[in-house]
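Undergrad: Below you will find the structure I want to go over with you.
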Protein chains: 2
Amino acid sequence: MDTISVAAVQLTSSSDKKENCQKAARYVQKAAEAQCRLVVLPEHWEWLGPPKEKPKIAEPVEGPSIQFLQELAKKYQIFVVSGSIAEKNGEKQPFNTSVLVHPDGGLSKPYRKIHLFDTEVAGGHKESQFTCPGSEVVIENIGWATVGFSICYDVRFPELYRQLASNGAGIFLIPANFTALTGPPHWEVLVRARAIENQCFVIAADQTGMTGAGWEAHGHSMIVDPWGEVLAMAGREEGIITAKLDLNKLTEVRQKMPVQSHRRL
Amino acid sequence: MDTISVAAVQLTSSSDKKENCQKAARYVQKAAEAQCRLVVLPEHWEWLGPPKEKPKIAEPVEGPSIQFLQELAKKYQIFVVSGSIAEKNGEKQPFNTSVLVHPDGGLSKPYRKIHLFDTEVAGGHKESQFTCPGSEVVIENIGWATVGFSICYDVRFPELYRQLASNGAGIFLIPANFTALTGPPHWEVLVRARAIENQCFVIAADQTGMTGAGWEAHGHSMIVDPWGEVLAMAGREEGIITAKLDLNKLTEVRQKMPVQSHRRL
């Protein structure tokens with residue numbers, strides 16, 4: 001299996017979980033119809049509302065939102081990356097958690113967002129107020145590739161992607177809710193840099209427009225190859241982008257320029 | 001001193017050291033006339049010929065090429081970054097060495113290129129055949145800023161720039177001899193990514209066109225601010241680019257989005 005089609009779903013999620021699930025189902029179906037074997041949803045695809053409500057709407061990984069995706073994955077025989085959901089964490093603030101659903105409904109180990117978006121830009125954000133950070137770097141072997149997890153603000157931390165690549169990742173997943181203010185100066189550069197410096201594919205699925213969180217997201221979801229070439233890029237509209245990944249490129253690029261083996265620090 | 005003008009010199013260096021020195025002198029003078037306080041020359045500004053001749057043309061850091069720059073620095077009262085030279089290394093292969101010359105002629109600690117360009121792309125390069133790698137990360141406090149050294153292929157290794165920034169660098173120096181084949185897909189993305197993810201200025205001075213090394217260099221020297229904005233960018237011609245660095249931007253960007261303090265791996 002040398003060439004695999006994949007998709008990124010770009011959404012404007014609201015605080016209505018049912019509505020978000022219906023939209024996700026429509027786009028997962030579209031991805032399946034386009035012969036995609038893997039589809040990535042954006043960060044907080046299932047719910048975007050006022051951050052202080054996160055603890056209230058959080059679910060366990062085995063809760064209804066992921067169960068919904070498990071049904072879709074089985075129905076369409078497709079790998080579905082649950083961009084991320086607010087994951088119930090006992091009495092503490094929830095995690096921001098990504099999980100991959102296999103076509104048989106099985107789940108990967110959950111990845112809990114490590115770097116939280118605490119910043120004064122774009123109106124101010126304090127993700128850590130209603131979110132617990134994770135601490136574990138997670139990859140998942142899915143047979144024809146090994147995917148490495150990350151979420152949104154993580155993209156500013158190259159050390160995470162070095163670890164993912166060293167652990168064997170060939171495809172980085174970056175579900176995101178990138179702000180429309182930091183998007184133009186930073187999004188494309190950082191997504192492409194992670195691909196180039198680690199010689200990995202990247203599938204980056206972003207929120208877009210005015211979401212239920214009350215601020216504007218950047219859109220411009222991207223699929224990039226290990227040479228840094230942009231295979232597909234969305235505009236600002238909701239929808240899917242797809243691309244064919246030539247998996248031989250991983251070996252080809254790494255043999256020509258063995259960056260990993262040249263690391264000295 | 002809040003705003004400082006700086007320059008990057010773009011050259012097509014040959015294997016004629018005298019000619020290269022004359023060109024460098026002309027552009028350092030231009031930078032001084034443009035009120036620049038610091039000027040960066042490209043990698044191997046002083047000699048670019050067949051790689052196997054490197055051991056023969058190598059000089060000590062205190063040799064004639066750097067002495068020439070010391071005179072220029074004193075004459076124009078300007079900081080001059082000697083992109084890099086082939087540095088004599090006893091009986092071993094030379095280092096690829098960068099050094100900063102102060103306006104009083106004093107020299108920084110030399111930075112010896114850590115990551116050597118051994119690759120099959122762009123006709124094949126095996127820098128390590130005629131070059132010894134360095135192993136030490138080097139910064140230099142020059143009063144109004146702390147600069148962090150790197151050279152060309154280093155730009156593919158984000159871990160180096162993390163160390164430079166952690167050690168206090170606010171301006172990354174990237175003298176380069178980037179190939180015209182890897183330039184279009186990689187150069188601008190990587191240079192901007194190092195600025196954005198570390199919230200540092202970058203001054204990247206590249207070789208351009210058909211140099212004495214016998215292959216085409218990319219040009220497109222760049223000066224970038226800590227938000228990733230491109231303040232100046234060259235085309236393919238020889239010459240200088242200049243930009244005013246608002247040094248307050250370092251604090252401003254880092255306060256708004258404290259990426260360094262968010263590092264968790």
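The values are calculated or read from the model by the stated rules, or taken from the named source; none is laboratory data. The shown structure was predicted, so the numbers you read here are calculated from the model rather than taken from an experiment. Quick reminder, even Gly has a Cβ in these numbers, built from the backbone with ideal geometry, and neighbours come from all protein chains shown.
Undergrad: Output the residue which, of all residues in the range B:4-61 that are more than 25 Å from B:Thr146 (Cβ to Cβ) and among the hydroxyl-bearing types (Ser, Thr, Tyr), is surrounded by the most Cβ atoms within 10 Å (Cβ to Cβ).
TA: Result: B:Ser13.
Undergrad: Let me ask something else. Restricting to the range B:1-38, what's the tally of residues that are closer than 14 Å to B:Glu238 by Cβ and assigned to a loop (DSSP other than H, G, I, E, B)?
TA: Number of matching residues: 3.
Undergrad: A:Leu160 versus (1) within 23 Å of A:Val101 (Cβ to Cβ); (2) touching a strand residue (DSSP E or B) at 6+ places or on another chain (Cβ under 8 Å): which is the lone unmet condition?
TA: All conditions are met except number (2).
Undergrad: Evaluate the following for B:Ile66: is it under 26 Å from A:Arg162 (Cα atoms) and more than 13 Å from chain A (Cβ to nearest Cβ)?
TA: Judged against the criteria, B:Ile66 is not a match.
Undergrad: Condition test on A:Pro133, is it more than 21 Å from A:Ala195 (Cα to Cα) and crowded, with 16+ Cβ neighbours inside 10 Å?
TA: yes
Undergrad: OK, next. Return the residues of the range B:86-124 that are in a strand (DSSP E or B), touching a Phe, Trp or Tyr at 6+ places or on another chain (Cβ under 7 Å) and in contact (Cβ under 8 Å) with a residue 40 or more places away in the chain; say none if nothing qualifies.
TA: Listed by number, the residues that qualify are B:Ala86, B:Ser98, B:Leu100, B:Tyr111.
Undergrad: Is it the case that A:Ala217 is within 11 Å of another protein chain (Cβ to nearest Cβ), at pLDDT 95 or above and buried (at least 19 other Cβ atoms within 10 Å of the Cβ)?
TA: Considered against the rule, which asks whether it is within 11 Å of another protein chain (Cβ to nearest Cβ), at pLDDT 95 or above and buried (at least 19 other Cβ atoms within 10 Å of the Cβ), A:Ala217 comes out as no.
Undergrad: B:Ala195 - would you say it is of a type outside the set (Val, Ile, Thr), in contact with a strand residue (DSSP E or B) (Cβ under 8 Å, 6 or more places away or on another chain) and closer than 28 Å to B:Gly63 by Cβ?
TA: Judged against the criteria, B:Ala195 is not a match.
Undergrad: Let me ask another. Looking at the structure I just gave you, is B:Thr208 in contact (Cβ under 8 Å) with a residue 12 or more places away in the chain, on the phi < 0 side of the Ramachandran plot, within 16 Å of the chain's Cα centre (by Cα) and surrounded by fewer than 20 Cβ atoms within 10 Å (Cβ to Cβ)?
TA: For B:Thr208, the condition - in contact (Cβ under 8 Å) with a residue 12 or more places away in the chain, on the phi < 0 side of the Ramachandran plot, within 16 Å of the chain's Cα centre (by Cα) and surrounded by fewer than 20 Cβ atoms within 10 Å (Cβ to Cβ) - is not met.
Undergrad: Scan the range A:158-185 for residues that are more than 12 Å from every other protein chain (Cβ to nearest Cβ), farther than 24 Å from A:Glu46 by Cα and within 15 Å of the chain's Cα centre (by Cα) and jot them down.
TA: The answer is A:Ala169, A:Gly170.
Undergrad: What residue, among those in the range B:126-145 that are assigned to a strand (DSSP E or B) and in contact with a helix residue (DSSP H, G or I) (Cβ under 9 Å, 6 or more places away or on another chain), is modelled with the highest pLDDT?
TA: Among them, the one singled out is B:Ile139.
Undergrad: Would it be correct to say that B:Val155 is in a helix (DSSP H, G or I) and either touching a residue at least 12 places away in the same chain (Cβ under 8 Å) or within 13 Å of another protein chain (Cβ to nearest Cβ) (or both)?
TA: So B:Val155 fits the description; yes.
Undergrad: Considering every residue within the range B:117-125, establish whether at least one is farther than 30 Å from A:Gly183 by Cβ, within 11 Å of chain A (Cβ to nearest Cβ), surrounded by fewer than 23 Cβ atoms within 10 Å (Cβ to Cβ) and hydroxyl-bearing (Ser, Thr, Tyr).
TA: Yes: one or more hits.
Undergrad: Do you know which residues across the range B:81-122 are of a type in the set (S, T, N, Q) and modelled with pLDDT under 95?
TA: Of everything in the range B:81-122, just one residue is of a type in the set (S, T, N, Q) and modelled with pLDDT under 95, namely B:Thr119.
Undergrad: Which one is nearest to the other protein chains (Cβ to nearest Cβ), of the residues in the range A:221-256 that are in a helix (DSSP H, G or I) and within 23 Å of B:Phe117 (Cβ to Cβ)?
TA: Applying the filter and picking the extreme gives A:Lys256.
Undergrad: Can I ask one more? In the range A:67-74, is there at least one residue being part of a loop (DSSP other than H, G, I, E, B), surrounded by 17 or more Cβ atoms within 10 Å (Cβ to Cβ) and in contact (Cβ under 8 Å) with a residue 12 or more places away in the chain?
TA: No, the range A:67-74 contains no residue that is part of a loop (DSSP other than H, G, I, E, B), surrounded by 17 or more Cβ atoms within 10 Å (Cβ to Cβ) and in contact (Cβ under 8 Å) with a residue 12 or more places away in the chain.
Undergrad: Of the residues that make up the range A:138-149, is at least one of a type in the set (D, E, K, R) and either surrounded by fewer than 22 Cβ atoms within 10 Å (Cβ to Cβ) or away from every other protein chain (no Cβ under 12 Å) (or both)?
TA: Taking every residue of the range A:138-149 in turn, at least one turns out to be of a type in the set (D, E, K, R) and either surrounded by fewer than 22 Cβ atoms within 10 Å (Cβ to Cβ) or away from every other protein chain (no Cβ under 12 Å) (or both).
Undergrad: Just the residues that are over 16 Å from the mean Cα position of the chain (by Cα) and of a type in the set (Val, Ile, Thr), please, taken from the range A:225-247.
TA: A:Val230
Undergrad: Here's a follow-up. Report yes if some residue within the range A:242-255 is at pLDDT 95 or above and on the phi > 0 side of the Ramachandran plot; otherwise report no.
TA: Looking for residues that are at pLDDT 95 or above and on the phi > 0 side of the Ramachandran plot, one finds none in the range A:242-255, hence no.
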